[in-house]
Amino acid sequence: MKTPYHSLFTCLMLAMSSCKARSSPAPPASATPARSAPTAASAGTSQYIPHPRTFPIPTGPVLGIFAGEGVGPIRFGATVPTIERHMHAPCEVLEKDKCRYIGRGVEFDLKDGVVSGIFVHRHDRPAGKDRQGQDRVYGIFNGGIPPDLRFGMLPWAIQEYLGKPKRVEKVAGANPFHTEERHYYDGLMIEYDRLPNGNLVLGGAQVLKK
């Protein structure tokens with residue numbers, strides 16, 4: 001026995017079939033599909049990126065920046081094989097006095113084959129040329145200053161945890177990073193860059209040997 005619900009369902013199905021019949025026919029299989037508009041990824045990303053070869057996603061191990069010591073387990077005196085083992089990848093650019101990971105925003109100064117300096121950069125800072133001679137910018141550093149201080153944060157947010165620096169140095173003249181200030185702590189120097197939007201943000205960190 002058919003109920004009113006059966007009749008209603010039948011009416012709905014007939015209405016849907018009618019709508020499908022009146023809809024525009026699909027293009028023939030042989031037709032050439034229209035080219036889609038470029039996506040945000042293909043058309044470019046942030047207007048602040050000076051060069052398209054960026055690394056918008058952090059890669060590699062998560063590394064803390066430890067004042068006076070190093071980044072993660074990589075400390076002063078580490079050899080290149082030790083760096084590469086802890087970074088889970090070979091040096092992206094290896095020179096006599098430097099091991100650079102441009103895509104990961106960190107580089108290690110070398111003296112007599114071991115780490116003598118460590119510098120970490122914010123995303124989009126100019127990084128010079130890679131081993132192919134291409135202009136590059138630094139990628140995203142996968143980590144920060146404990147407890148959770150990240151590049152791009154404002155000075156007041158950094159000082160909420162680190163406190164007032166022992167010394168502040170104003171950077172005179174133009175520079176490729178647009179750095180305006182350097183703040184010094186025990187075992188750590190941090191740089192603040194002026195972004196195109198006017199914000200002064202954490203742009204670099206140098207671990208200083210105590």
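The values are calculated or read from the model by the stated rules, or taken from the named source; none is laboratory data. Worth saying up front: this structure is predicted, and the values here are computed from it rather than measured. Backbone-built Cβ (ideal geometry, glycine too); neighbour counts: all protein chains shown. The accessibility values were calculated without ligands, DNA or RNA, using every heavy atom of the protein model including side chains. Shrake-Rupley method; radii C 1.70, N 1.55, O 1.52, S 1.80 Å.
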With the crude spin-label approximation of a point 7 Å out along Cα→Cβ, what separation in nm comes out for R150 versus I57? 1.6 nm
So, by mean Cβ neighbours within 10 angstrom, what's the order for 120-127, 73-80 with the highest one leading? 120-127, 73-80
Please give, to one decimal in nm, the separation of the simple spin-label points placed at Q132 and V80, each 7 Å out from Cα toward the Cβ. 2.1 nm
Both in Å, the radius of gyration and Dmax of the C-alpha trace of segment 147-210 are 11.4, 36
Sorted by accessible surface (1.4 Å probe, heavy atoms of the protein chains only), largest first, Y101, Y185, Y161 come out as Y161, Y185, Y101
Apply the Debye scattering formula to segment 59-210, with a single equal point scatterer on each alpha-carbon and no solvent, then give log10 I(q)/I(0) at q = 0.14 Å⁻¹. -0.66
From the alpha carbon gyration tensor of segment 68-140, can you work out the equivalent ellipsoid semi-axes (sqrt of 5 times each eigenvalue) and give them in Å, largest to smallest? 19, 13, 11
